[in-house]
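Everything below concerns the one structure shown next.
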Amino acid sequence: MDSNDINSREKSSHSKDNYKIRLLNLKNKEEALSEFGKIGAEPAGCHIMANKFFNFAIKIDGVNFVGANILKQEMLSRGGDVVTSRETLCGYRHKEKRGKEDSYKTSVIILGTKKSIRSLVEKIKIQPFGLRHLSLELNDFLNRLDRIEKRRILKIKDKEFDLEEETLVMGILNVTPDSFYDGGLYFEKEKAFKRVKEIVEEGAHIIDVGGMSTRPGSLPISVDEEIERVIPIIEHIKKNYDIPVSIDTYHSEVARVAVERGASIINDISGLTFDENMAEVAARTGSMLVVMHIKGTPKDMQENPQYEDVIDEVYDYLY
């Protein structure tokens, strides 16, 4: 039996463990205290841990109570720490959950260096309480972080950009009569063409073309009208300039036609939720994809939008 077979069996045996793992960017003590408080940590302990400096802070949701305490002890022995809820540390049990040991779940924040967390991953491979499965997911997560840190070249179709040499700038061109940003300044083709020239001369690396306003309260237009607005602009850019084009749309048919005419990026404000065919179009055409977050639709998205924790909620939306 090879390692892939073992990993497959391990994942199958712990399929009930669903972990959400993300890196926290804690820049100061106030941000640390805020994140610690969100998971129900003891206030006194929060202040102690917030005064420590760690290279890495990783938040994990869905950890078994017993497993969380094991993680804490293992990280303390490695010079790190684990922030968890007061209930976890005190062994609190909701009455309705008595006798259901696997249902006691909590969030934890692992604090340490990448080296110490890698060491933790190796140790918990042999631990129960869902930690064997967590070791697999945490190892995959750390490997992805390594790949991202080493990612230097961004390739957009036949163009390559060195991300260590420059920060990429996307110029926005709204060819709509009711843009929330420019008020329809570039709706006429000649004005749009002039603006394209300005965007290129100002040093943009990508031009994002949108043919339907998504300002708060805006109404959708037909696919045909959207195509009629954006395609002449995309064709003009590809004919006259050597710059990648992004199509700002949530209609898969508009995206398909735009890519056929030269766009290489699909920028979907709906995060693939308004048109079920968008993901298939992106995959089939090999386009890069910008997946965004939205509450509701442009027509109603400003009608009392509420977030308890905007970062966590957007993360959950994209997870």
>> Looking at the range 279-306, I want the residues that are at negative phi and have a partner that is aromatic (Phe, Trp, Tyr) and at pLDDT below 90 with Cβ atoms under 7 Å, at least 6 apart or on another chain. Which pairs are those?
In response: HIS293/TYR317
>> Which numbered condition in (1) among the hydrophobic types (A, V, I, L, M, F, W, C); (2) out of contact with any Pro (no Cβ under 6 Å at 6 or more places or on another chain); (3) modelled with pLDDT under 95 is the only one that ILE156 fails?
In response: (2)
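Per-residue answers, yes or no, for (1) modelled with pLDDT under 90; (2) surrounded by fewer than 19 Cβ atoms within 10 Å (Cβ to Cβ); (3) out of contact with any Phe, Trp or Tyr (no Cβ under 9 Å at 6 or more places or on another chain):
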site: ILE48; (1), (2), (3): yes, yes, yes
site: LYS52; (1), (2), (3): yes, yes, yes
site: ASN55; (1), (2), (3): yes, yes, yes
site: ILE58; (1), (2), (3): no, no, no
site: VAL63; (1), (2), (3): no, no, no
site: LEU71; (1), (2), (3): no, no, yes
site: GLY79; (1), (2), (3): no, yes, yes
site: THR84; (1), (2), (3): no, no, no
site: THR88; (1), (2), (3): yes, no, no
>> So in the range 103-144, with the set limited to residues that are assigned to a loop (DSSP other than H, G, I, E, B) and of a type in the set (S, T, N, Q), which one is surrounded by the fewest Cβ atoms within 10 Å (Cβ to Cβ)?
In response: THR113
> Within the set of pairs 6 or more residues apart or between chains, which connect a residue that is free of Cβ contacts under 8 Å to residues at least 40 places away in the same chain and of a type outside the set (Val, Ile, Thr) inside the range 110-133 to a residue that is assigned to a helix (DSSP H, G or I) and open to solvent by 60 Å² or more (accessible area, probe 1.4 Å) with Cβ atoms less than 8 Å apart?
Replying inline: LYS125/ARG132
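The values are calculated or read from the model by the stated rules, or taken from the named source; none is laboratory data. These numbers were taken from a predicted model, which means no experiment stands behind them. Neighbour counts run over all protein chains shown; Cβ positions are idealised from the backbone, glycine included. Side chains included, ligands, DNA and RNA excluded: accessible areas come from the protein's heavy atoms. Shrake-Rupley method; radii C 1.70, N 1.55, O 1.52, S 1.80 Å.
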